Amino acid sequence: MTSLATTAAALDPEACYAAVRSRDRRFDGVFYIAVSTTGIYCRPSCPARTPAAANVTFHRSAAAAQEAGYRACKRCLPDAVPGSPDWDVTATVAGRAMRLISDGVVDREGVDGLAGRLGYSNRHLGRLLRAELGAGPLALARTQRAQTARVLVETTELPFADIAFASGFRSVRQFNDTLREIYATTPSGLRGRRGAARRRESGSIALRLAVRAPFAGVALGRFLAVRAVTGVEQVEVAADRVVYRRTLRLPHAPGALRVDLVDVAAGEPAQLDVRLTLTDLRDTATALSRARRLVDADADPLAVAEHLARDPALAPLLARHPGLRVPGHVDGDELAVRAVLGQQVSVAGARTVAGRLVAETGTPYDSGVEGLTHLFPDAAAIADLDPASLPMPRARGRALTGLAGALADGRVVLDRGPDRDEVRRALLALPGIGPWTSDYIALRALGHPDVFLPTDVGVRHALAALGGASDTARWAPWRSYALLHLWTSLEPDPGRAQTERANTTCGQ
């Protein structure tokens, strides 16, 4: 089978049609199949009868299929799939644009804002997106709004007017017209077709987040658990499930997130239960996008495993945790601050200092959940602190406030829009920020799939346990996943996630 990335880049009709005939879930979100005889577009794994090759075309995005005049399949719901892993692997302008569009940048700032963040003119950005994704920024944003609206219609009892504005539409009429055009039904029809909607509980919205299987959710949750900062995060760890909660600093108003992390075997439909508590419903798409970042939802675990398993030293680690993800983060600025707090100290030590920083500088927030009491302090607040007052060596305090100042004034931007190499150069230009810190930020804040930290203490211990002879360069372009397998291999027992041993293995 042609690799996922190759197929996505080339859209070779024969390879795409082979994926459709085999109903291979790995290709869901990588491309879409449109059927001329029905006027419908589907995901490659649609369970309907495979159409004749002469009647199909293939599209790089749902927006491209919609612009070509096709409606979404009511059976396979092609918009309810993970995004393409190519967006993080290649990190092209189109991929970075998709990350920003899913975060709601076009809805908040318009196409001008999107183009400005990416460093292109509106016209040139439109050409680039149409060439790579088959649709311009407005069409891609429109598809994002429709997807958010459909999820809210089907999973909540919110009034349709509230859903329209929460999804980014400017009017209820625009909302109704778009859903009729894309889904060939009314909002009432969508809600009735999917059965009884879930009720909002205590001001929250229950949703489902699609990921690719296999998915090692419990291991991901354990990683987050040993790093959870008091006041901002709360984690409940069980043998077969981890419940992760945290507060969110969102564009319009604060909110909170809950994700139930479970293991999903290969070949099974993978959806995670997510609950959002939002002060302003306009933040719905942004909050859901950041939840996707957190759990690395768009990764292709089978492609990663196939490549890394070529190294016999890694093969047992891959078998132990199939579908292991790189833990992302909901806020790049917060992650960068925590990376500096983790310099040359244990995870437990960094967590303690971060908790003190939150208690003294964070913004109080009533989440309705005991223990979730604050938003992590923003960059401007940390930049104003006196380095001498911080519970750390003076040089690290200056590095922390200097980094925060660069984040606050825009010299460093960690929203996945800028080029990763440019971000790395900007970080390394700051006093006290070295390769370990900049690469750790790239790993978790920027979603870089090919980061390796050879100087990390945990990595050195894990490599020594493997015999120390692995050629780590051969793990590219998936070294970030190899890194997580190495860190996870140091856990003495999967059932004892929060031991002090785990607290000393890797960064915050």
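Bear in mind that the values in this text are calculations on the coordinates, not laboratory data. Values in this document were obtained by computation on a predicted structure and should not be read as measured data. Here the Cβ is made from the backbone with ideal geometry for all residues, glycine too, and neighbour counts use every protein chain on show.
Need one word for the range 335-461: rounded, prolate or oblate. Basis is the Cα gyration tensor (sqrt eigenvalues a ≥ b ≥ c); a/c below 1.5 gives rounded, then a/b vs b/c decides.
Since a/c stays below 1.5, the shape of the range 335-461 is classed as rounded.
For the range 6-127, just run the numbers: alpha carbon Rg, then divide by 2.2 N^0.38 Å, N being how many residues it has.
1.12
Would you please classify the overall shape of the range 118-249 from the alpha carbon gyration tensor, given that a ≥ b ≥ c denote the square roots of the eigenvalues, rounded means a/c under 1.5, and beyond that prolate means a/b larger than b/c while oblate covers the rest?
Oblate, because a/c is 1.5 or more while a/b does not exceed b/c.
Residue 208 versus residue 381, label points 7 Å from Cα toward the beta carbon: distance in nm?
Computed distance between label sites residue 208 and residue 381 equals 3.7 nm.
Restricting to the chain, what percent of DSSP beta bridges are antiparallel, rounded to 5?
Roughly 90 percent of the beta bridges in the chain run antiparallel, per DSSP.
Expressed as cubic angstrom per residue, what is the convex hull volume of the alpha carbon set of the range 107-162?
It comes to 89 Å³ per residue, whole-number rounded.
Which percent of Cα-Cα pairs in the range 4-72 sits in each 10 Å bin, short to long?
Over the range 4-72, the share of Cα pairs per 10 Å bin runs 23, 62, 15 percent.
Enumerate the calculated ³J(HN,Hα) couplings along the range 472-478 in order (Karplus 6.51 cos²θ - 1.76 cosθ + 1.60, θ = phi - 60°), each rounded to whole Hz, writing x wherever the residue is Gly or Pro.
Working through the residues one at a time gives 5, 4, 6, 7, 4, x, 10 Hz.
Please report the relative contact order for the chain, taking Cα pairs under 8 Å with a sequence separation of at least 6, and give it as a percent rounded to a whole number.
That works out to 13 percent.
With the cut-off at 1.5 for a/c, could you classify the range 57-147 from its C-alpha gyration tensor as rounded, prolate or oblate?
Here the range 57-147 falls in the prolate category.
Would you grab the residues whose amide H sits under 5 Å from the one on residue 169? Only those 5+ places off in sequence or on another chain, please, with H modelled 1.01 Å from N.
none
Suppose the chain between residue 352 and residue 74 were pulled fully straight at 0.36 nm per residue; how much longer would it get relative to their current alpha carbon spacing?
Gain on extension, residue 352 to residue 74, equals 95.1 nm.
Over all alpha-carbon pairs in the chain, figure out the percentage whose distance exceeds 39 Å.
That tail contains 21 percent of the Cα-Cα pairs.
What is the Cα convex hull volume of the range 416-458 when expressed per residue in Å³?
Hull volume normalised by residue count: 73 Å³.
Whole-Hz Karplus ³J(HN,Hα) for the range 437-448, in order, using 6.51 cos²θ - 1.76 cosθ + 1.60 and θ = phi - 60°, x for Gly and Pro?
5, 5, 6, 5, 5, 4, 4, 9, 7, 9, x, 6
Between residue 36 and residue 177, 0.36 nm times their residue separation minus their Cα-Cα distance comes to what?
48.5 nm
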